[in-house]
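Asker: I have a structure I would like to understand better, so I am pasting it below and will then ask my questions one at a time.
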Amino acid sequence: RAIVGDPDRPPARMGVSIGDSLAATYGCMGALAALHERQTSGLGQVIDVSLYESVLQVMESLIPEYAVAGHARQRAGSILPGIAPSNVYPCADGEYLIGANGDAIFARLAQAMGRPELAQDARYATHIARGERQAELDGIIAAWTSSLTVEALERLMIEHAIPAGRVFRAADMLADPHFAARDAIVTVDDAELGPVPMQGVFPKFSRTPGGIRSEE
């Protein structure tokens with residue numbers, strides 16, 4: 001939690017119980033690896049999984065950054081410090097995530113904004129320069145996105161091949177055609193609740209697809 005939330009507020013929690021899910025995932029991976037190894041050794045073994053170590057595995061370079069370089073990551077809210085532009089920006093009718101921190105991608109974003117000169121401006125032309133002026137650049141982009149609807153902004157991002165995406169809430173996921181096409185959300189009948197939409201089985205298998213069933 002030390003790195004989750006805004007820098008001027010106490011540590012926040014993830015919106016889901018991520019430690020439980022990660023521990024289950026690593027436990028499954030360990031069991032599969034042990035079964036594979038058993039084909040060679042003929043022996044079984046104990047799979048030892050903990051919540052905190054499961055979360056530790058996805059903390060990227062947090063430990064070596066501190067141990068080697070003396071850099072302690074801090075809470076940074078919605079940004080990645082020094083990585084710009086990469087943020088959620090306001091629209092006329094919602095919010096939209098744009099990740100255009102690469103030089104070539106930022107040049108395409110500048111074109112989409114109708115301000116190609118931004119990509120040539122020494123203040124924003126390089127990855128390092130944009131990182132040093134992150135808040136300033138985010139303000140410029142936010143002023144532009146605020147004048148557009150999410151749909152209009154998304155069309156521009158697709159047209160200019162810019163990594164971006166909507167901020168999906170439950171209602172958005174249930175209504176989205178891509179989620180439906182992927183069977184990312186399926187409906188399961190419950191004797192008491194009736195039809196219950198929920199996450200589909202993932203990952204997907206081409207030959208032996210999984211399914212959801214309920215056992216009394």
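Asker: I'd like the orientation of helix 134-145 relative to the chain: the angle between its Cα long axis and the longest Cα principal axis, in ° from 0 to 90, rounded to 10.
Answerer: 90 degrees
Asker: On the accessible surface of the chain, probed at 1.4 Å, how many percent belong to carbon and sulfur atoms?
Answerer: Numbers: 8510 of 14910 Å².
The computed percentage sits at 57.
Asker: Here's a follow-up. Using only Cα atoms, tell me the angle between helix 18-41 and the longest principal axis of the chain; keep it within 0 to 90° and round to the nearest 10.
Answerer: That works out to roughly 50 degrees.
Asker: Here is a further query. Between Pro197, Pro163, Pro90, where does the largest GNM mean-square fluctuation fall for the chain, given springs only between Cα atoms within less than 10 Å?
Answerer: Pro197
Asker: Which semi-axes, in whole Å and largest first, does the equivalent ellipsoid of the chain have when worked out from the alpha carbon gyration tensor as the square roots of 5 times its eigenvalues?
Answerer: Computed over the chain, the values are 38, 27, 17 Å.
Asker: Please give the per residue accessible area of the stretch 1-135, computed with a probe of 1.4 Å over protein heavy atoms only, in Å². Each step should come with its number before you reach the end.
Answerer: On the way: 8860 Å² over 135 residues.
Per residue, the stretch 1-135 has an accessible area of 66 Å².
The values are calculated or read from the model by the stated rules, or taken from the named source; none is laboratory data. The shown structure was predicted, so the numbers you read here are calculated from the model rather than taken from an experiment. Note: areas computed on protein heavy atoms with side chains; ligands, DNA, RNA excluded. Shrake-Rupley method; radii C 1.70, N 1.55, O 1.52, S 1.80 Å.
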